[in-house]
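Report on one structure; see the data block that follows.
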Amino acid sequence: MNVERVKDLMLPINEYPCASIDAVLTDAIRALYESQAKAASDREPYRAVLIVDHNQRVVGKIGQLGFLKALEPRFNLLGDRENLDKAGLGPEFLDWMIDNLRFWQEDFNLLCQRARSIGVEKIMQPVDEGIDADASLADAVHQFVMRQTLSLLVTSQGEIVGILRLSDLFHAAAETILKKSNGTE
């Protein structure tokens, strides 16, 4: 595999599972499963769904953690972990909050049943900055490490054209490392 740029490794947007901004959690999960069934066997399975608006522009994404967060909407009361840390509220506080607010005390089946009709707009991660299709893979490594994310949206001339997944970048890096260590290159 000779990949040098993000565009060489990304998945085109039309190959990635998508759900409408008007969809509910059940629709997004179906889109994810249908895409996984059709996916090429030489690639990692899809782990997220892109959310598109009425003009078919990507406005957000929902990954596996987002799907699980939908099971417990009260968890959002805590905010995100990074902001809690900045406010001086560390892991002990988070543990105390979970114990005292009785998160996860409900039956798992009831949580799943209630989540079925949650709108994807409520749980999606809004689109943030992406990475340019012509960016180097070294730049992509830097972006993944700095953002601590599982995927980056790929842009070209301001339009989202694909998605670069951490798993694909890892495999490209691992393959290159192994080639170098085996003396094959």
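Quick rundown of the values:
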{"read-out": "Subset of segment 117-171 [assigned to a helix (DSSP H, G or I), open to solvent by less than 80 Å² (accessible area, probe 1.4 Å) and without any contact (Cβ under 8 Å) to a residue 24 or more places away in the chain]", "value": "Ala138, Gln143, Arg147, Leu166"}
{"read-out": "Search result, residues across segment 50-69 that are without any contact (Cβ under 8 Å) to a residue 60 or more places away in the chain and under 17 Å from the mean Cα position of the chain (by Cα)", "value": "Val52, Gln64, Leu65, Gly66, Phe67, Leu68, Lys69"}
{"read-out": "Residues within segment 1-49 that are part of a loop (DSSP other than H, G, I, E, B), without any contact (Cβ under 8 Å) to a residue 60 or more places away in the chain and acidic (Asp, Glu), tallied", "value": "1"}
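The values are calculated or read from the model by the stated rules, or taken from the named source; none is laboratory data. Note that the structure is predicted; figures quoted are calculated from it, not measured. Every residue, glycine as well, gets a Cβ built from its backbone with ideal geometry; the counts of neighbours run over all protein chains shown. Only protein heavy atoms, including side chains, enter the accessible area calculation; ligands, DNA and RNA are left aside. Shrake-Rupley method; radii C 1.70, N 1.55, O 1.52, S 1.80 Å.
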